[in-house]
Every structure is written in C-alpha cells, then in structure tokens.
Amino acid sequence: MDDRSTTFHELYAKYADDVYRFAHWLSGNPEDARDISSETFVRAWTAPNEPRMDTVKAYLFTIARNLHRKQWRRASRHEPLEEGMPDPATSPDEVAANRDEFQRTMAAVHALPEIDRTLLLLRAEEELSYADIAAVTGLSVAAAKVRVFRARAKLAALLKPETGEKS
C-alpha cells in the first residue's frame, strides 16, 4: 500500500462522518448527503495538490458546500428532513413534542439564506474556528464573526414566534 493511499484512508476515516453530517445539514436529505460526501472525497483525492494538513476539515467542508450549492442551483428545491425512529426510552408525548420542535427548528434553519445556514452549521455543529469558517466561506475572520452573530439573531427571530414567547 503506497503512502498516498494510507493518507487517503486515514483522511476518510477521520473526516467522513463530519463531512456527511455537514452535507446532511445543508441538504436536509440523506441520499444527497451521501452523494455530496462521496464526491467530496473523490475531489479531494483527485485534486492536483494535497491540502494543507492544518485546514483539511475546512478544505473538505469547502468542497462539500460548493457541491451542495451546485446541486441546489440545479434542483432549486429542498425536501424536508425526515426524522428517524424515536428513542424507545422516550415517552410518546415527549417524542411528539420533540419531533414538532425539531421540525420547527429545521424549518427555521432551512428558511435562512444558504450562507447564514452554512455559517451556523460550521460554528455550532462542526465547532470550526472563525478562521476556518472564513476559509470555507471566503469571508474575512471579522466578517465571519459578524455574520455568525447575525445568523444566530435571525434564527432566534424565526423561532421566537413558534415558541409562543412575547416580546
């Protein structure tokens, strides 16, 4: 087994779940997320230059985001995220409440512009630094911080009427 092959397998083992999860959050569809994840690693593997090792995760997320954007432009529609089987330890009432809350939250996330959704997911779900977020999105670090803050505010505003809170 050559050195590049070993490196690729290590890269895949380390980041495949993260790339899939990120793609799933972006697309809202498990099949699309699998396609995006697979294509991300194909493109990383066939790239003429190897990524810098300190930003591999950001590099892979950049590829995944670009693939999602390309796919979204073609399809121009999103399918709602289907919830899997409920936790058997949870009561049916809790499951129903959690499902409703999850669906409202996902609807609010998907109502955000793509850049806001991407920024929130990179920061909250993937726990990337603002420098890595800037690298993925092409923003400056300062702009990434401001845009993440504003995206959180937009999401909170979208969710506030749904929770029944009064302003």
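Which of the residues belonging to segment 31-49 are exposed (fewer than 15 other Cβ atoms within 10 Å of the Cβ) and without any contact (Cβ under 8 Å) to a residue 12 or more places away in the chain?
Once the filter is applied, which keeps residues that are exposed (fewer than 15 other Cβ atoms within 10 Å of the Cβ) and without any contact (Cβ under 8 Å) to a residue 12 or more places away in the chain, segment 31-49 yields E31, V42, T46, A47, P48, N49.
When segment 142-162 is examined, which residues are found to be open to solvent by less than 60 Å² (accessible area, probe 1.4 Å) and in contact with a helix residue (DSSP H, G or I) (Cβ under 7 Å, 6 or more places away or on another chain)?
A144, V148, A151, L155, L159 - these are the residues of segment 142-162 that are open to solvent by less than 60 Å² (accessible area, probe 1.4 Å) and in contact with a helix residue (DSSP H, G or I) (Cβ under 7 Å, 6 or more places away or on another chain).
Please find, within segment 121-137, the residue that is surrounded by the most Cβ atoms within 10 Å (Cβ to Cβ) out of those that are part of a loop (DSSP other than H, G, I, E, B) and in contact (Cβ under 8 Å) with a residue 24 or more places away in the chain. Give the steps one after another, and end with the answer.
Going through segment 121-137, the residues part of a loop (DSSP other than H, G, I, E, B) turn out to be 126-129.
Filter once more, keeping what is in contact (Cβ under 8 Å) with a residue 24 or more places away in the chain: 126, 128.
Working: E126: 18, L128: 23.
Looking at residues that are part of a loop (DSSP other than H, G, I, E, B) and in contact (Cβ under 8 Å) with a residue 24 or more places away in the chain, I get L128.
I need every pair where a residue in segment 102-120 that is among the basic types (K, R) has its Cβ under 7 Å from the Cβ of a residue that is open to solvent by 50 Å² or more (accessible area, probe 1.4 Å) and part of a helix (DSSP H, G or I), sequence separation at least 6 or different chains.
Partner pairs satisfying both residue conditions: R104/E162.
Run down R123, R99 and say which single residue is over 15 Å from the mean Cα position of the chain (by Cα) and either among the basic types (K, R) or at positive phi (or both).
Of R123, R99, the one residue that is over 15 Å from the mean Cα position of the chain (by Cα) and either among the basic types (K, R) or at positive phi (or both) is R99.
The values are calculated or read from the model by the stated rules, or taken from the named source; none is laboratory data. This is a predicted model, so every value here is computed, not measured. Quick reminder, even Gly has a Cβ in these numbers, built from the backbone with ideal geometry, and neighbours come from all protein chains shown. When the accessible area is computed, the model is the full protein with side chains, heavy atoms only, and any ligands, DNA or RNA have been set aside. Shrake-Rupley method; radii C 1.70, N 1.55, O 1.52, S 1.80 Å.
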